[in-house]
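Visitor: Have a look at this one before I ask anything.
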Amino acid sequence: MPARRHGLDDLDRAVLRLVAERPRSGLLEIARLLGVARGTVQARLDRMVADGVITGFGPALSPAALGHPVQAFTTLEVEQAAREHISATLEAIPELLEAYIVTGPGDVLCRIAGRDHEHLQQVIDRMLAIPGVRRSTTVITLSTVVPHRVMPLTGPWQGGVRPGPA
């Protein structure tokens, strides 16, 4: 296995951008757009997977299109000793999209989705029924200003390799 490299070069960033922008493109198409060999693209992708830079290739799904258009952020205050049990129980709630241990007035920040406000209340009630969860505070989202993203963290183009025209 190749040695771990820290940071990304221009070709890595170009490959990542194309994979993100054109997820249905094959390796040959990405190689053609970048002007490099298919094996080079494959090696870069393999290395970034091995290094943990790329964590998945699955489709991005829309909760709204799946019948859950109402989203909220719920902060749970929990008994610290029960945190492991609470985490395992939260994972079994399908409407829970993600959860994080956080600092501040709450302990666990959750993003949840529901069919409507009543369904959202049922999800919150299930969370509150978990032994060790003391209380919750919830804010309902109205619209998305900036969707989940990671690509800006790859860094700016330094020159060199750029994807060709679409």
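The values are calculated or read from the model by the stated rules, or taken from the named source; none is laboratory data. What you see is a predicted model; the values in this text were computed from it and never measured. Cβ coordinates were reconstructed from backbone atoms using ideal geometry, including for glycine residues, and neighbour counts include every protein chain displayed. With ligands, DNA and RNA removed, areas are computed over all heavy atoms of the protein, side chains included. Shrake-Rupley method; radii C 1.70, N 1.55, O 1.52, S 1.80 Å.
Visitor: Restricted to the range 6-46, and to residues that are open to solvent by 40 Å² or more (accessible area, probe 1.4 Å) and in contact with an Asp or Glu (Cβ under 9 Å, 6 or more places away or on another chain), which residue is nearest to ILE112 (Cα to Cα)?
Guide: ARG22
Visitor: Please work out which one of (1) open to solvent by less than 50 Å² (accessible area, probe 1.4 Å); (2) under 30 Å from VAL15 (Cα atoms); (3) not small (Gly, Ala, Ser) is the condition VAL49 fails and give its number.
Guide: The failed condition is (1).
Visitor: State yes or no: is ALA88 exposed (fewer than 10 other Cβ atoms within 10 Å of the Cβ), aliphatic (A, V, I, L, M) and in a helix (DSSP H, G or I)?
Guide: So ALA88 does not fit the description; no.
Visitor: Taking the range 103-140 as the region of interest, how many residues are assigned to a loop (DSSP other than H, G, I, E, B) and either of a type in the set (Lys, Arg) or open to solvent by 50 Å² or more (accessible area, probe 1.4 Å) (or both)?
Guide: So the answer is 7.
Visitor: Take GLU95 and decide whether it is more than 18 Å from VAL139 (Cα to Cα), surrounded by 11 or more Cβ atoms within 10 Å (Cβ to Cβ) and among the acidic types (Asp, Glu).
Guide: no
Visitor: Can you spot a residue in the range 122-141 that is modelled with pLDDT of 95 or more, basic (Lys, Arg) and closer than 18 Å to ALA64 by Cβ?
Guide: No, that holds for no residue.
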